[in-house]
Structure formats: structure tokens, C-alpha cells
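Everything below concerns the one structure shown next.
What follows draws every value from the coordinates through simple rules; no lab data is involved. Since we're looking at a predicted model, the values are computed, not measured. Glycine gets a Cβ as well: all are built from the backbone with ideal geometry, and neighbour counts include every protein chain shown.
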Amino acid sequence: MGDGKYPIYILGPCAAESREQVMETAKQICDLRFNTSDFRFVFRAGAWKPRTSPYSFKGAGEEGLKWLQEVKATFGVPVATEVALPDHVRLAIEAGMDYLWLGARTSANPIAVEAMAEAIDRYTGGSTAAPKAILIKNPVNADAQLWLGNIERLEKTGVPVIAVHRGCGHKPCWNMAHTIRLARPDIPMLLDPSHMSGDAAQVPALLEKVAELDLDGAMIEVHCHPEAALSDNAQQLTPTRLRDALDPLLSRLCLASLICPSDDQKELNWFRAEIDELDDRLWGTIAARMEVSRRIGEWKKAHGVAPLQPERYQQIVERLRGTNYGLPEDFILKIWELIHEQSLRVQEV
Ligand code: PEP
Ligand code: MN
């Protein structure tokens, strides 16, 4: 890639931490041998890291851009970094970054995205220094319309835009991604399985979605020593683990290009991804409910109250009868009975 061909793989550490870490990670990725002979990638590293705690590593800043320039010069691979302020845009463009991305936190703020679009416009000005594309991650909250609006804000710059589905709070948001896919089939979409799961072990399975949903590539965090990473250490793969995770996908895509899975099949796969996401949330919610129930059980024991309280039972049934989820009442009550039964079991132990 690097010449607009898809799929695109954007690989590299969460953060540029030191010259050695950046160069060593890039070298190890370049040295990998994949099933496909013409494997190409873009090297990523964040120079400025938006962190939750003010005491966490914030990135190496401008210095990090120098290491990315060195990667580009030494290994001949295009490079990418995150920009979160208009001044980052200026510095990244001046440093010859090939791809820029706006992170999930920036994407949550339309005024910030607007300011970034203006900066991109100002510092590229149709010059040859313009990046090949701007990537926009989904916002931290599952707001498809905001993601869509941000794509449009960035499109005004004239630089090609690529959407990146990174999920919300370490969970995929297939419904949001599907909405974008249907509204803008012309905008390439990458998967970010690293931030989507927060867990290196889940990356290989998530990568299968690139083929199933006909996505345009992936952005994956790779670090030469993930255990010592200064940010996102649980989700970064070693280069060897990356190869093991990516090889099955590359073989599958190679096969897919021969047998051409139908659009209907892809559509069904999208719906199934949405169902899996909703099931995960459903079971997660039921498990959370049981945990509260268990704590209530302890309270009842401490206060000499029996697990089954007919008055409370009736109150919940009445409340459920008044709810309107567009579901038949007998269906809601049947499920509630099962939940209640399990809840009593939890309280009786
Ligand atoms: C990143 O790619 O390192 C990053 C900060 O991602 P996100 O904005 O998706 O959290
Ligand atoms: Mn990260």
C-alpha cells in the first residue's frame, strides 16, 4: 500500500517512546515474512498521547516525529501519527507524515474536529506536502451521526478520509460501524482490534472481521517489548504475534479475491456481528444485575429479611407491564421470571 491500494495495514506501537524502541519495532516488522509476498504496511506511532491520568506518559512530542522520519528514511515505509491540536497538524505535515489520524477523544468533540480540518486546510494548501489520507476514529461514545459528521468535516479539506472503527470502552460497536458503512460505502473503513479489545489475546479473532465484513484493512498496535510499553501495554502484539495473527487473514483475503463472497453474504455477516455485540451486552447486563442481586442478598441476610419479597416482586411486574420496548408483554414477563428465579438462587446461597 502507500499508493492508495487496499487493504491498508497500519502497524506500530501505541506511542513513540524512544528512538531505539521506534527503530527496533519498525525493523522487526520489516523483517517479518508473511504468506503474501507483496505485504506492505504503514508504520504508526503516537507522538502526542491523550491520556486519562495527568501523571501518565504523554508521548515524546516533536522528538517522536524525528524517529518516525528516520523509520521512513531507513526502511522506506510510509509513516502515521495522531494529531490532536492544530499545531500538531503543522508539525506533522512539516515532518512529512504520510497519514494523520484523529483519535477517539478528539472525534468526540465536533469543535475540535472543525479546528483540525481548518488546520489541515491551512497547512496543506494543495501543496505536495499534503498527507495521503486523514484517518478519523469513531468517537469514544457510540454516536454514528457524529462520526459521520466528522467524516464530512474532514472531507472539506480535500484530503482523502478513512474511517477507523476502534469501538467504545474496549467493545466493538458494529451497529455504529454498519451505519457508517451503509451511509458512506465510498469511505474506506479500517478495524482497530487493539483499542477495540484492550487485549492482545483478542486481536487475532477480531481480525477475522476484516474479511467477513469486507473492511479495508486494520490498524494494529505492535511493540518490540509490549510488557514494558509506556501506554496500552496489555493490547500490543510482539512482531511475531502480529505475523501469527495476520497470516490467516492474509490467506483468507487471498482466497476471497478468488471466490468473491457475495454482497448478500457480507450484509448477513454485518447483521450477525451486530447480534453478537447485542448478545454480549445483554449477558453483561444480566451478569451485572445478578451481582447487585447478590449484594442485596447479603443485605437481606444481615437484616433478617427473606429473599422473596412478594410486594417487591409485584412492584417489578407492574413496572415491566408499563414499559414499552416494542416487545410483547408475555415475552417480557417470561424472561423476567427466568431472571428472577436465578436472582433468588443467587440470594439463597
Ligand atoms: C491510539 O491509536 O493510540 C489511540 C490513542 O487511539 P484511540 O483514539 O482510538 O483511543
Ligand atoms: Mn494506543
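Under a point spin-label approximation (7 Å from Cα along Cα-to-Cβ), what is the Val349-Leu255 distance to one decimal in nm?
4.2
How much length is gained if the chain between Gln342 and Glu63 is pulled fully straight, taking 0.36 nm per residue apart and subtracting their Cα-Cα distance, in nm to one decimal?
94.8 nm
Select from segment 254-349 those chymotrypsin sites (Phe, Trp or Tyr not before Pro) which occupy a DSSP coil region and have at most 16 other Cβ atoms within 10 Å, ordered by residue number.
The qualifying sites are Tyr325.
What length, rounded to one decimal in nm, is gained on full extension from Lys300 through to Tyr6, with 0.36 nm per residue of separation minus their alpha-carbon distance?
99.9 nm
Using a Förster distance of 30 angstrom, determine the FRET efficiency expected from the C-beta separation of Asp264 and Ile332, and round it to 0.05.
It comes to 0.35.
So which chymotrypsin sites (Phe, Trp or Tyr not before Pro) in segment 33-74 end up in coil per DSSP with only 11 or fewer other C-beta atoms within 10 Å?
Tyr55
For segment 270-281, in order, what is each residue's ³J(HN,Hα) by Karplus, 6.51 cos²θ - 1.76 cosθ + 1.60 with θ = phi - 60°, in whole Hz (x at glycine and Pro)?
Ordered by residue, 3J(HN,Hα) equals 4, 4, 5, 4, 4, 4, 4, 4, 5, 4, 4, 5 Hz.
Need the list of aspartates and glutamates near Lys171 for cross-linking: C-alpha distance under 19 angstrom, and skip anything on the same chain fewer than eight residues off.
Answer for Lys171, where 19 Å is the Cα cut-off: Asp143, Asp192, Asp199, Glu208, Glu212, Glu221, Asp232, Glu274, Asp276, Glu277, Asp279, Asp280, listed by chain and number.
Subtracting the Cα-Cα distance from 0.36 nm times the residue separation, let me have the gained length for Arg319 to Asp38 in nm, one decimal.
Between Arg319 and Asp38, full extension yields 95.1 nm more.
Under 5 Å between amide hydrogens, which residues at least 5 positions from Gln235 or on another chain qualify, with H placed 1.01 Å from N in the peptide plane?
Ala200
Run through the DSSP bridge list for the chain and note the antiparallel percent, rounded to the nearest 5.
5
From the phi of every residue in segment 115-120, what ³J(HN,Hα) in whole Hz does the Karplus formula 6.51 cos²θ - 1.76 cosθ + 1.60 yield, where θ is phi - 60° and glycine or proline is x?
Those phi angles translate into 5, 5, 4, 4, 5, 4 Hz.
If you keep only loop residues by DSSP, which trypsin sites (Lys or Arg not before Pro) in segment 121-176 have at most 15 other Cβ atoms within 10 Å of their Cβ?
Passing sites in segment 121-176 are Lys156.
When the dipole is taken about the Cα centre of the chain, and only Lys, Arg (+1) and Asp, Glu (-1) are charged at their Cβ, what size is it in debye, to the nearest 20?
In debye, rounded to 20, the chain gives about 560.
Lys/Arg Cβ at +1, Asp/Glu Cβ at -1, dipole of the chain taken about the Cα centre: which of Phe271, Pro193, Gln342 is farthest positive-ward?
Gln342
To the nearest 20 debye, what charge dipole does segment 1-100 have about its Cα centre, counting +1 at the Cβ of each Lys and Arg and -1 at the Cβ of each Asp and Glu?
Dipole of segment 1-100, to the nearest 20 debye: 180 debye.
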